[in-house]
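Enquirer: Take this structure first; my questions come after.
The values are calculated or read from the model by the stated rules, or taken from the named source; none is laboratory data. Remember, predicted model here, so these are calculated numbers, not experimental data. Positions of Cβ are backbone-derived with ideal geometry, glycine not excepted, and every protein chain shown enters the neighbour counts.
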């Protein structure tokens with residue numbers, strides 16, 4: 001079993017930095033541009049940051065949890081790391097591409113691995129019109145916001161907003177309202193992964209709304225278009241038996 005060349009990336013926390021120092025002393029590492037695998041030490045935030053940072057290279061990312069939640073991470077252990085990397089199972093993800101147009105006329109594009117979310121900026125509720133593949137499906141949603149989540153992101157903010165958990169590999173996206181006021185009982189929708197979703201902000205000057213793709217935020221948006229970008233592929237690595245599909249399944253049976 002060949003042992004892949006790897007590099008280390010650590011969150012800016014004492015625990016993660018100390019773990020990186022110990023692993024660097026135990027194993028030979030390579031510069032990031034020579035790495036076959038990136039080992040990310042931290043929590044889910046660091047994993048997202050690392051995926052974005054290596055998105056152009058397509059280098060597989062293997063995370064070890066040195067944070068709090070670590071849903072996207074494997075267990076932190078120092079022994080046998082090269083062997084774990086060689087045996088790791090891969091999950092391929094495709095991000096969402098957000099195109100946000102602001103009231104001032106600017107256009108911003110960003111990729112989201114978890115979700116694209118729209119949120120009211122001030123005390124008044126947001127008013128959104130939702131179009132899917134060119135058809136108006138919801139004329140007016142009065143709410144704190146709404147989000148569109150990937151399967152990988154369905155257990156993050158989407159789950160907190162009472163959205164559905166989507167099995168990894170399912171060709172679906174979760175469209176979920178955030179504190180909907182009207183229609184009060186609209187539960188959201190599961191959409192085909194090829195769907196093009198457009199959020200139009202109604203009364204945008206009076207009721208300003210921001211749009212966020214993972215951690216790229218755009219303020220005072222007027223229109224936000226979101227679609228899956230299958231030209232971009234991201235690879236996560238997990239220990240056998242503890243892959244993302246199993247984690248998402250287990251999450252649905254938590255009490």
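Enquirer: Could you list, in sequence order, all residues of the range 113-141 that are assigned to a loop (DSSP other than H, G, I, E, B), surrounded by fewer than 20 Cβ atoms within 10 Å (Cβ to Cβ) and touching a residue at least 12 places away in the same chain (Cβ under 8 Å)? If you could, list the steps in order and put the result at the bottom.
Expert: We begin by selecting, within the range 113-141, every residue assigned to a loop (DSSP other than H, G, I, E, B); these are 113-114, 121-125, 133-134.
This time we only want the ones that are surrounded by fewer than 20 Cβ atoms within 10 Å (Cβ to Cβ), so: 121-125, 133-134.
Correct list: 121, 122, 124, 125, 133, 134.
Enquirer: Just give me the residues in the range 149-160 being assigned to a loop (DSSP other than H, G, I, E, B) and at pLDDT below 95, in sequence order. Spell out the reasoning first.
Expert: As a first pass, look at the range 149-160 and keep what is assigned to a loop (DSSP other than H, G, I, E, B): 150-151, 156.
Of everything in the range 149-160, those that are assigned to a loop (DSSP other than H, G, I, E, B) and at pLDDT below 95 turn out to be 151, 156.
Enquirer: When residues of the range 173-188 are filtered for being in a strand (DSSP E or B) and buried (at least 19 other Cβ atoms within 10 Å of the Cβ), how many remain? Please lay out each step first, then the result.
Expert: Of all residues in the range 173-188, those in a strand (DSSP E or B) come to 173-178, 182.
Still in the list and also buried (at least 19 other Cβ atoms within 10 Å of the Cβ): 173-178.
So the count comes out to 6.
Enquirer: Scan the range 142-153 and tell me whether some residue there is within 19 Å of residue 125 (Cα to Cα), surrounded by fewer than 18 Cβ atoms within 10 Å (Cβ to Cβ) and in contact with a strand residue (DSSP E or B) (Cβ under 6 Å, 6 or more places away or on another chain). Lay out the reasoning, then the answer.
Expert: We begin by selecting, within the range 142-153, every residue within 19 Å of residue 125 (Cα to Cα); these are 142-148.
Now drop any that are not surrounded by fewer than 18 Cβ atoms within 10 Å (Cβ to Cβ), which leaves 144.
Those still in the list that are in contact with a strand residue (DSSP E or B) (Cβ under 6 Å, 6 or more places away or on another chain) too: 144.
For the range 142-153, residues within 19 Å of residue 125 (Cα to Cα), surrounded by fewer than 18 Cβ atoms within 10 Å (Cβ to Cβ) and in contact with a strand residue (DSSP E or B) (Cβ under 6 Å, 6 or more places away or on another chain): present.
Enquirer: Any residue that is farther than 28 Å from residue 108 by Cβ and in contact with a strand residue (DSSP E or B) (Cβ under 8 Å, 6 or more places away or on another chain) - is there at least one of those in the range 200-210? I'd like the intermediate steps shown before the answer.
Expert: Let us first name the residues in the range 200-210 that are farther than 28 Å from residue 108 by Cβ, namely none.
Scanning the range 200-210 turns up no residue that is farther than 28 Å from residue 108 by Cβ and in contact with a strand residue (DSSP E or B) (Cβ under 8 Å, 6 or more places away or on another chain).
Enquirer: Suppose we filter 240, 192 for residues that are loosely packed, with under 13 Cβ neighbours inside 10 Å and touching a helix residue (DSSP H, G or I) at 6+ places or on another chain (Cβ under 7 Å); which single one remains? Spell out how you get there, then give the answer.
Expert: On the way: 192 fails: touching a helix residue (DSSP H, G or I) at 6+ places or on another chain (Cβ under 7 Å).
Answer to the check: 240.
Enquirer: Moving on to the next point. Looking at the range 72-88, which of the residues that are in contact with a helix residue (DSSP H, G or I) (Cβ under 8 Å, 6 or more places away or on another chain) and in a loop (DSSP other than H, G, I, E, B) is surrounded by the most Cβ atoms within 10 Å (Cβ to Cβ)? I'd like the intermediate steps shown before the answer.
Expert: Within the range 72-88, the subset in contact with a helix residue (DSSP H, G or I) (Cβ under 8 Å, 6 or more places away or on another chain) is 72-74, 76-78, 81.
Still in the list and also in a loop (DSSP other than H, G, I, E, B): 72-73, 76-78.
On the way: 72: 27, 73: 25, 76: 17, 77: 10, 78: 12.
Across the range 72-88, the extreme among qualifying residues is 72.
Enquirer: Related question: Would you check if residue 194 is in a loop (DSSP other than H, G, I, E, B), within 20 Å of residue 116 (Cα to Cα) and modelled with pLDDT of 95 or more? Give the derivation first.
Expert: Working: in a loop (DSSP other than H, G, I, E, B): yes; within 20 Å of residue 116 (Cα to Cα): yes; modelled with pLDDT of 95 or more: yes.
Yes; evaluated as a whole, the condition is true for this residue.
Enquirer: Here is a list: 91, 69, 38. Which entry is modelled with pLDDT of 95 or more and either in a strand (DSSP E or B) or not assigned by TED's automatic domain parsing to the domain that holds residue 212 (or both)? First the steps, then the outcome.
Expert: Values: 91 fails: modelled with pLDDT of 95 or more; 69 fails: modelled with pLDDT of 95 or more.
After applying the criteria, what remains is 38.
Enquirer: If I go through the range 196-218 residue by residue, how many of them are crowded, with 16+ Cβ neighbours inside 10 Å and closer than 23 Å to residue 142 by Cβ?
Expert: Let us first name the residues in the range 196-218 that are crowded, with 16+ Cβ neighbours inside 10 Å, namely 197-202, 204, 207-214, 216, 218.
From what's left, closer than 23 Å to residue 142 by Cβ: 197-202, 204, 207-212, 218.
Total satisfying the criteria: 14.
Enquirer: Does the range 14-30 include one or more residues that are assigned to a strand (DSSP E or B) and touching a strand residue (DSSP E or B) at 6+ places or on another chain (Cβ under 6 Å)?
Expert: Initial filter on the range 14-30 (assigned to a strand (DSSP E or B)): none.
The answer is no, given that none of the residues of the range 14-30 is assigned to a strand (DSSP E or B) and touching a strand residue (DSSP E or B) at 6+ places or on another chain (Cβ under 6 Å).
Enquirer: Right, here's the next one. Give 146, 110, 104 a once-over and let me know the one that is in a loop (DSSP other than H, G, I, E, B), outside the structural domain of residue 63 (by TED's automatic domain parsing) and at pLDDT 95 or above. Quick ask: steps written out before the conclusion?
Expert: Details: 146 fails: in a loop (DSSP other than H, G, I, E, B); 110 fails: in a loop (DSSP other than H, G, I, E, B).
From the options 146, 110, 104, the qualifying one is 104.
Enquirer: Which residues, taken from the range 209-255, are more than 19 Å from the chain's Cα centre (by Cα), under 28 Å from residue 133 (Cα atoms) and assigned to a loop (DSSP other than H, G, I, E, B)?
Expert: Answer for the range 209-255, where residues must be more than 19 Å from the chain's Cα centre (by Cα), under 28 Å from residue 133 (Cα atoms) and assigned to a loop (DSSP other than H, G, I, E, B): 219, 220.
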